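To keep things clear, I will list the structure first and then write my remarks on it.
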Amino acid sequence: MEIKVLGPGCPNCQKMEELTRKAVEQLGINANVEKVKDIVEIMKYTMSTPGLVVNGKLKHSGKPLPNLEKVKELIQQESD
Amino acid sequence: MLKDFADYITYNIINLEYGSRLGDVLEFFIYETIKIFFLLTVIIFVISLIRSFFPPEKTKRILSHKKEFIGNILAALLGIVTPFCSCSAVPLFIGFVEAGVPLGVTFSFLISSPMINEVAVVLLFGLFGWKVTAIYIGAGLLVAIFGGLVIGKLKLEKWVEEYVYKFHNGHEYEIIKQTFKDRLQYAKMNTLDILKRVWLFIVIAIGIGGFIHGYVPQDFLTHYAGKGNVFAVPAAVLIGVPLYSNAAGVIPIVYALMEKGLSMGTVLAFMMAVTALSLPEMIILRKVLKVPLLGVFVGIMTVTIIAVGYLFNAIL
C-alpha cells in the first residue's frame, strides 16, 4: 500500500506523519509511508495541508487533524 | 453564581481579608479563568462545527472570478469561517491565483483570517461583552475589505513570484465528504486541540491582567495614552506590529490596560496590529510574494489599523 503525507513541514504536518506511521504500525499492514514536501506535488491532491493520500486517493486534508483511530479508519477504507 | 463561587474560594477557603488587594486579584483571577474557559469550550466547538462546512476548496470556488468589491467582501467574511493551517498559506495562495481569484480579493481573505478567529471572539466576548466583540469583528472586516481593495487597485501582480502564475493544475480539488458524526468528531478534536495550545497563555495572561487590575492605580495610563493624546493610537499600533502573539495572550492584558485608562480605540488597534501582522506569516508569504509587495502590505495594514483606532476613539 502506498501512503503519502502531504505537508511543507509545519508542526501540524509532522504530527500528521507521526499519526500515520503509528496507525500503520498498529494496523500491522505492509505500507510505504512517504512524506511529500514539494509544493507542486502536494497541489496535485489538495491545497490545504496537512493531507493524507492512500493509494492515490485523498483521504484527509487541512485542519483539524484526525485522531489516531480516525487515521486507522481512513487507511483501512482503502486496504480492502 | 460564578462570582459567588470565586468569592467563596477567595475569602472563605483561602481566607483572605475581604477588600484586600490580594483578595481582589485572586477573585478576579478565579472568576475570569472559569468564565473564559467555559466560553472557550462552548464557542470553539460551535465555530469548529460551522467551519467544517467551509473547507478552503469551497471558498476558492466561491471566490473564483469574482469581481472586486463584492469579492473583497465575500473574501473577508469567508476568512472568518474557513479553517486553514498557517503552513498551507502558500498552496492556498497559489490555488486562489490559479482559480482566478483577484490578488486584492486573496488579500482580503488573508487579512481577515488571522485577525478574526474563534479565540479572539471568545476572549473579547468574555471580557468586554458582545458590543465590543461586534465592533471588533466589524472593524476587522472593514480593514480586510479596504486593505484588499487598495492592494487590488495598485496592480501589484508583478511582485508576485513568477512561478505562481505558471502553476497549472488543471483539475478541481475534491472535497472529502463528511457525515454529521464526522463533523462533530472533528469539532471536538479541534476544541481540545485549541484548548491544549492556548490554556497556559490564557492563565498567564489573566494572571498578569489580575495583577494590573489589583496593583496598578486606576487611570494610571490615562495621562500617557488616554483619548486626549493623539499619538496614543499610532504608538500602540507601531508597538503592536512587530509584536506577535495570538489573541489568547494579548487580550487579557489589553483588558487590564483598558481598565487603567487606555481608550477602546487604542486597545482594539493594538490588538489588530498584534494579530494581523506577524513575522512568521511574512516569512511564509515571502515564498509567493516579493519583498516590495510584503512592504506595501504591511504599510497599508498599519495605516488602515491606525485609522480604525482613531475612528473608534472618536465614536466610542
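The values are calculated or read from the model by the stated rules, or taken from the named source; none is laboratory data. Note that this is a predicted model, so its numbers are computed, not measured. Ideal geometry is used to build each Cβ from the backbone, glycine not excepted, and the neighbour counts take in all protein chains shown.
For the criterion of being within 14 Å of chain A (Cβ to nearest Cβ) and farther than 21 Å from B:Met301 by Cα, B:Ser113 fails.
If the condition is being surrounded by 14 or more Cβ atoms within 10 Å (Cβ to Cβ), of a type outside the set (Val, Ile, Thr) and either under 16 Å from B:Gly104 (Cβ atoms) or touching a Ser or Thr at 6+ places or on another chain (Cβ under 7 Å) (or both), then segment B:277-307 contributes B:Glu281, B:Leu285, B:Leu289, B:Leu293, B:Leu294, B:Phe297, B:Met301.
When B:Gly170 is tested against (1) more than 9 Å from chain A (Cβ to nearest Cβ); (2) part of a helix (DSSP H, G or I); (3) within 28 Å of B:Leu285 (Cα to Cα), exactly one condition is not met: (2).
The rows are residues; the columns are (1) at pLDDT 95 or above; (2) of a type in the set (Asp, Glu); (3) in a helix (DSSP H, G or I); (4) surrounded by 14 or more Cβ atoms within 10 Å (Cβ to Cβ).
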{"position": "A:Pro8", "(1), (2), (3), (4)": "no, no, no, yes"}
{"position": "A:Asn12", "(1), (2), (3), (4)": "no, no, yes, yes"}
{"position": "A:Ile29", "(1), (2), (3), (4)": "no, no, no, yes"}
{"position": "A:Glu41", "(1), (2), (3), (4)": "no, yes, yes, no"}
{"position": "A:Tyr45", "(1), (2), (3), (4)": "no, no, no, yes"}
{"position": "A:Thr49", "(1), (2), (3), (4)": "no, no, no, yes"}
{"position": "A:Leu58", "(1), (2), (3), (4)": "no, no, no, yes"}
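The single condition among (1) modelled with pLDDT of 85 or more; (2) of a type in the set (D, E, K, R); (3) surrounded by fewer than 16 Cβ atoms within 10 Å (Cβ to Cβ) that B:Arg183 does not meet is (3). Checking each residue in segment A:34-68 for being farther than 23 Å from B:Val81 by Cα and more than 8 Å from chain B (Cβ to nearest Cβ) picks out A:Glu34, A:Lys35, A:Val36, A:Lys37, A:Asp38, A:Glu41, A:Val53, A:Val54, A:Asn55, A:Gly56, A:Lys57, A:Leu68. Inclusion of A:Glu25 among residues that are away from every other protein chain (no Cβ under 12 Å) and not aliphatic (A, V, I, L, M) is warranted. Checking each residue in segment A:65-80 for being surrounded by fewer than 19 Cβ atoms within 10 Å (Cβ to Cβ) and not charged (D, E, K, R) picks out A:Asn67, A:Leu68, A:Gln76, A:Gln77, A:Ser79. For segment B:36-54, does any single residue satisfy the condition of being out of contact with any Ser or Thr (no Cβ under 9 Å at 6 or more places or on another chain), assigned to a helix (DSSP H, G or I) and polar (S, T, N, Q)? Among the residues of segment B:36-54, not one is out of contact with any Ser or Thr (no Cβ under 9 Å at 6 or more places or on another chain), assigned to a helix (DSSP H, G or I) and polar (S, T, N, Q), which makes the answer no.
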